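What follows is a short report on a single structure.
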Amino acid sequence: MKKLKKLTSLLFLFCCLCFCLILFPQTARAGSLTPTAQDNLNVRLRRTSDLIPVSGGYMRVFHQKNSVGVEYYDNDLKIRSKRKINMELPLWGGFYAGSDGYYLVEGQTNNKENDSAEVIRVIRYDTSWNRNGAAAITSNPELFGGEVRTPFDYGCVEMTESNGKLYVVTGHEGYVDPSVGQGHQGFLMVEIDQATMKGKIVSCDLWHSFAQYIKSQGSYLYVLEQSEGSRCTILSRYDSTTLACTTIELLPYGGSHTSVWALWPATQALTAWLFPLTVYYALALPSISPNMIRYLKTRLITFICPSHQCLTFPKKQPLPGSLPTLQAEEKALRA
């Protein structure tokens, strides 16, 4: 009996020791500062996390369900502090570190198709995350494709700045087309005056734009776009003063496979891969010239698809496919 009591006491002490070993480390970890975990198993067009250099280390900005997380790290990538910024609109767009502060882009649907309804909000913060301005973006019915039902639809949200203006490129869904019972998707570019924080849509279409990237150099903006409706990846150069646009056909799609099923999935990653290369070559030359076209063709296009030609044209061309065909393809894609 005494032996049994002794064994019971030892077992009780052992259980208490195990409980303490489990409890106290967990309590210490719960009270310590740790980075916020984030699912990155799916690759999306819209980035959900950015890491930029700041004084004394790095800053991480990332999207959570209804908020934006901000974490600061030292030069050894050890976390030092964190905070949370509540989102103002339900749809996440993106983050950009500008010359005059930090920008968050958010949006909301416009199912009532109200031209004066705010669909995108570009919010500016100082480097201490104090809000100091916002631009409300509405539809622009004066432009073809300027009516926005859903912002960021099937698109990136990429930004750059030039001559006191912030530019945002993305995708969007337009107002419902009664003939097909849904809106068409297309390209969207927004310009914000950084001094007044007034903004508007300045370029758009409904040609099925499934990836958009933008960079600036001097007085020019360079936009690379995967345009399913144009049947090619296109590189456009905008004059940032007049927004006059020159576009070249960089990578034609198709051959014997011209349906949406052949074009969209196969070129999604390719557009992102081409962008740094094409912009590098474009910025290395003073203008979009025959020399640049030849260089892009020999270095990029003929490497990927030797049978295609690289063409020049002064502006975006009419859709090579009929509108009913594109409508049918879009309807199948969304089904």
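The values are calculated or read from the model by the stated rules, or taken from the named source; none is laboratory data. Note that this is a predicted model, so its numbers are computed, not measured. Cβ atoms come from the backbone with ideal geometry, glycine included; neighbour counts cover every protein chain shown.
Annotations for the structure displayed:
- If you go through the stretch 105-134 and pick out every residue that is in contact (Cβ under 8 Å) with a residue 60 or more places away in the chain, part of a loop (DSSP other than H, G, I, E, B) and in contact with a Lys or Arg (Cβ under 8 Å, 6 or more places away or on another chain), you end up with 1.
- One residue stands out in the stretch 163-191 among those that are of a type in the set (Phe, Trp, Tyr) and within 16 Å of Val223 (Cα to Cα): the one that is surrounded by the fewest Cβ atoms within 10 Å (Cβ to Cβ), namely Tyr167.
- Residue among Ser227, Ser203, Ser209 that is more than 16 Å from the chain's Cα centre (by Cα) and more than 18 Å from Tyr96 (Cα to Cα): Ser203
- Every condition in (1) surrounded by fewer than 17 Cβ atoms within 10 Å (Cβ to Cβ); (2) hydrophobic (A, V, I, L, M, F, W, C); (3) touching a residue at least 60 places away in the same chain (Cβ under 8 Å) holds for Leu51 except the one numbered (3).
- Filter result (farther than 23 Å from Tyr222 by Cβ and not in a loop (DSSP other than H, G, I, E, B)) within the stretch 145-162: Thr150
- One residue from Glu142, Glu173 being free of Cβ contacts under 8 Å to residues at least 40 places away in the same chain, assigned to a loop (DSSP other than H, G, I, E, B) and of a type in the set (D, E, K, R): Glu142
- Single residue of the stretch 119-157 satisfying the filter (closer than 20 Å to Gln108 by Cβ and of a type in the set (D, E, K, R)) that is farthest from the chain's Cα centre (by Cα): Arg131
- Leading residue by the ranking (surrounded by the fewest Cβ atoms within 10 Å (Cβ to Cβ)) among those in the stretch 71-85 that are without any contact (Cβ under 8 Å) to a residue 40 or more places away in the chain and part of a strand (DSSP E or B): Lys84
- Single residue of the stretch 54-65 satisfying the filter (surrounded by 14 or more Cβ atoms within 10 Å (Cβ to Cβ) and over 19 Å from Met87 (Cβ atoms)) that is nearest to the chain's Cα centre (by Cα): Tyr58
- Members of the stretch 176-192 found to be over 20 Å from the mean Cα position of the chain (by Cα) and in a strand (DSSP E or B), listed by number: Val176, Asp177, Gln182, Gly183
- The set of residues in the stretch 192-204 being surrounded by 22 or more Cβ atoms within 10 Å (Cβ to Cβ) and not β-branched (Val, Ile, Thr) consists of Gly199, Ser203, Cys204.
- Residues of the stretch 234-250 satisfying the condition of being farther than 14 Å from Met189 by Cβ and crowded, with 23+ Cβ neighbours inside 10 Å: Leu235, Leu250
- Val68 vs. criteria within 21 Å of the chain's Cα centre (by Cα), buried (at least 18 other Cβ atoms within 10 Å of the Cβ) and closer than 20 Å to Tyr213 by Cα: no
- Check on Val176, modelled with pLDDT of 95 or more, in contact with a Ser or Thr (Cβ under 7 Å, 6 or more places away or on another chain) and among the aliphatic types (A, V, I, L, M): no
- Residues (within 17 Å of Ser128 (Cα to Cα), part of a strand (DSSP E or B) and among the small types (Gly, Ala, Ser)) located in the stretch 86-104: Ala97, Gly98, Gly101
A quick yes/no check of all residues on (1) closer than 15 Å to Ile85 by Cα; (2) modelled with pLDDT under 95; (3) buried (at least 18 other Cβ atoms within 10 Å of the Cβ); (4) aromatic (Phe, Trp, Tyr):
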position: Ser116; (1), (2), (3), (4): no, no, no, no
position: Val119; (1), (2), (3), (4): no, no, yes, no
position: Val122; (1), (2), (3), (4): yes, no, yes, no
position: Asn132; (1), (2), (3), (4): yes, no, no, no
position: Thr138; (1), (2), (3), (4): no, no, yes, no
position: Glu142; (1), (2), (3), (4): no, no, no, no
